[in-house]
Amino acid sequence: MSNYKMMQVYTGVKTVVQDLKKELELKSESETVAYLAAIRELHKDKLTHVQHQEAIKRMHEIINQSSM
């Protein structure tokens, strides 16, 4: 029985995750996603509305690059 679940992501998102995995010298994409979730959890109370909006904008840019 596998502990893996499939996650469908845009190509640009996959590229970002792979690049971050390499940069942080993590073992897997799962570790990379868990790292991002941990960073979000640690900093969510410090994130300003403007920073949140900037992150949402960047997210859309990454996704839109994938669909071009």
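Here, each number is a calculation from the coordinates, and none is a lab measurement. In this text, all values refer to a predicted model and were calculated from it rather than measured experimentally. Note that we place each Cβ from the backbone using ideal geometry, even for glycine, and neighbour counts take in every protein chain shown.
Helix content alone sets the calculated 222 nm mean residue ellipticity of the chain: runs of n ≥ 4 DSSP H residues at -39500 (n - 2.57) each, divided across all residues, give -23000 deg cm²/dmol.
Comparing 20, 60, 7 along the charge dipole axis of the chain, the residue lying farthest to the positive side is 7, per the Cβ-charge model.
Ordered by the number of other Cβ atoms lying within 10 Å of each residue's own Cβ, fewest first, 14, 27 fall into the sequence 27, 14.
Applying the Karplus relation 6.51 cos²θ - 1.76 cosθ + 1.60 with θ = phi - 60° to the stretch 28-35 yields 3J(HN,Hα) values of 8, 5, 4, 4, 5, 5, 5, 4 Hz, where x marks Gly and Pro.
Charge dipole of the chain (Cα centre as origin; +1 on each Lys and Arg Cβ, -1 on each Asp and Glu Cβ, all else neutral): 120 debye, rounded to the nearest 20.
How large is log10 I(q)/I(0) at q = 0.20, 0.28 Å⁻¹ when the Debye formula is applied to the Cα atoms of the chain, each weighted equally and without solvent? Rounded to two decimals, the profile gives -1.00, -1.23. Taking 0.36 nm per residue of separation and subtracting the current Cα-Cα distance, fully stretching the chain between residue 56 and residue 42 would add 3.2 nm.
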